[in-house]
1. Considering only the other residues whose Cβ falls under 15 Å of the Cβ of A:ARG57, what net charge follows from Lys and Arg at +1 and Asp and Glu at -1?
2. Of the accessible area of chain B, with the probe set at 1.4 angstrom, what percent is carbon plus sulfur?
3. Taking all protein chains as present, what is the carbon and sulfur share of the accessible area of chain A, in % to the nearest whole number, probe 1.4 Å?
4. What's the average, rounded to a whole number, of partner chain beta-carbon atoms within 10 Å of each residue's beta-carbon in A:156-163?
5. How large is the dipole of the protein assembly as shown about the Cα centre if only Lys and Arg carry +1 and Asp and Glu carry -1, each at its Cβ, rounded to the nearest 20 debye?
6. At the nearest 100 Å², what buried accessible area, both sides summed, do you get for B and A when the probe is 1.4 Å?
7. Tell me what chain B gives for mean residue ellipticity at 222 nm when only DSSP H runs of n ≥ 4 count, each as -39,500 (n - 2.57), the sum divided by the residue total, rounded to 500 deg cm²/dmol.
8. State the Cα centre-to-centre distance between region B:44-83 and region B:272-330 in whole Å.
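The values are calculated or read from the model by the stated rules, or taken from the named source; none is laboratory data. Predicted model only: the values in this text are computed from it and were never measured. As a convention, Cβ positions derive from the backbone with ideal geometry for all residues, glycine included, and neighbour counts pool all protein chains shown. The protein model used for the area step is the full one, side chains on, heavy atoms only, and it has no ligands, DNA or RNA in it. Shrake-Rupley method; radii C 1.70, N 1.55, O 1.52, S 1.80 Å.
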Amino acid sequence: MKNILVAQRYSQAIISGLDTKEINFVLADVEIMSNSLKTEQELVNAVNSYLFPLKKRLKIAMEMTQNLKYTRLWENLFSILLKKHRFNIITDILLDLENEIFEKKNLIKVGLTIAHELPKNVLDSISTQLTDILEKDIILEIKIDPEILGGFVATTDSLLIDGSIKNNLVKLIKVKLKKMK
Amino acid sequence: MKIQPDEISSILRNKIKGLKFDIDISETGKVVQVGDGIARIYGMDNVMAGEMIDFPGDVMGMALNLEEDNVGCIIFGETRKIKEGDIAKRTKKILQVPVGEEMLGRVVNALGEPLDGKGQIKAETYHPVERKALGVVQRQPVKEPLQTGLKAIDSMIPIGRGQRELIIGDRQTGKTAIAIDTILNQKDADVVCIYVAIGQKKSSVAKIVNILNAKGAMKYTIVVVASAAESASLQYLSPYSGCTMGEFFRDKGKHALIIYDDLSKHAVSYRELSLLLRRPPGREAYPGDVFYLHSRLLERASKLNDELGSGSLTALPIIETQADDLTAYIPTNVISITDGQIFLNSRLFYSGIRPAINAGLSVSRVGGNAQIKSMKSVTGQLRVALAQYAELEAFAKFGSDLDKATQAQLTRGRRLVEILKQAQYSPLSVAKQTFIIFMANEGYLDEIEVENVKKVEEELYSTLDSEYKEFMESMVKDKLSEETKEAMRKICKKVLSKF
Ligand SMILES: Nc1ncnc2c1ncn2[C@@H]1O[C@H](COP(=O)(O)OP(=O)(O)OP(=O)(O)O)[C@@H](O)[C@H]1O
Ligand SMILES: [Mg+2]
């Protein structure tokens, strides 16, 4: 809980110093980094660990920033985090940065779960429906899960839009059970 | 009849064809912390206080703490089924429990789910557990008596329907016994009873349910149980659930009685939740709003005005004290909220005076208006005589040279104490109560040895039962007239002639 709040403070500090053009570049950096750190929780832990000398950890952290656009910014952020022993919240910071930037651009990331691969025109129609509901441009992250049987489930940070067959059947069964009582 | 698989599938297919699929949109939050019956949710900005929260795995929760950046929830179910990162859904509904006639005779938990293995409860109506207490205009002063069937209470600490009377005392002083006897006495009174057991051992609750069953009291009673084995959140919720079930009858113009056994344990469960939710602790580590916890519950007991059907909900909360300390935090709070208290004393209990009511420290602030007139005619004298006896008794221990008048007062006092004793599960009608007190007041028992007073009492009751049924019915209709008193004196003499 606390981590999320601290991460929010960091990300807000970063964003407040950027103009619209810079924001797009930072977003690109954020995406690269979150993709590479997603599977590297152990690396993050190691970099944040007192078991290794600070100098070495700083060196590794600096190397992580080399391929990025705003190397200076990331270098500063990483060294502050390391010295404060807060490097473990880097993923939270990246997540929040992404959300904040999306917010600014009136975009929203939507996790879309479907039961099986769908043709493009069906996906597009779901997409338009979601855009209508959310009143934002959406970026879809598609996941396949046969358990929902059909239809779709869309999730954002604060909403769950459930149009799956599974949910409809569950509701139907519940109503039937109540009637049987 | 045998159904072929293809038949089933064709039936299903037809059913599904007619189905309208819809899309549910719900606001969600992410579980960021879970444990000890508490979850913290990040997000869910618009949630209401007291709203039901839907967790994965059909677990229910209730939003209690709305903080700037997270929502603190209590969980009514298995905490183990929820993990960090889970998505919790808003329901936009305040927690509700089933109410209605269907609940009578059932043993349920704080959510109104059956615990007695008698199958589903077919309740059609659900009401929110937290409801605002009625305003001043909707109420009226208590005016009908709620008979407990206990001589010591009905005579000296009368309770009116719609009143809140606290039963307070140390452990094992007969608090629960008074509550149960009161339920048993409602058999012919058309009062629905609700017994809420909070934080008690399951075995004690089972014993109580058995007694209620055996005495035929279950058919007008609902038992709400949140035993010691249940989570603090269910214990916290249970009195509010019970109260909602009682309010249903009150609002229908009927009379209901609710017993909270006991609110000390309720306060403890709330303290546990509050500390886990990291609310700042105050005196005795209770949170600042522990007064409101009980005041809003007890304020819901009320007597409705005539336009609303003049129903009533009487509350008998129970508080356990430590070493007779009435000045501890929770006891003083609840004493100040209620309309009086019945104070049970362990010293009296162990000296054989049961129910162990300390008449000096017990009061009923409003019930006097509701007391039956015939009873009122005899209680004034009873109170004075008992008070004098209490003073003299201490004095008499030092000297033996007492004048005649003092000795007479002592003799009378001892017999009064004796007739106020009453065994468990034997509630008495008002007529019998009035009669025995009248008999003692008039001095008919002064000649009888203290050990034999009980025998005379029993003889009196059996005589009344067998020969004076009609007389008893008429004597409680109004205050005792000289004529009635004369008739009563005759019966007294007749009973005494056998000794
Ligand atoms: N009027 C009575 N006559 C004889 N025995 C009684 C009477 N009232 C209570 N008792 C006995 O005293 C014991 C304690 O009674 P009870 O359980 O009602 O007390 P309590 O104050 O509710 O106790 P606890 O603190 O455990 O809840 C029981 O065994 C009960 O049978
Ligand atoms: Mg008890």
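1. Taking every other residue near A:ARG57 into account, the sum is +2.
2. 52 percent
3. Working: 6100 of 10850 Å².
The computed percentage sits at 56.
4. 6
5. It works out to roughly 740 debye.
6. Values: alone 23910 and 11790 Å², together 33820 Å².
Buried: approximately 1900 Å² between A and B.
7. Mean residue ellipticity at 222 nm (helix-derived): -12000 deg cm²/dmol.
8. 24 Å
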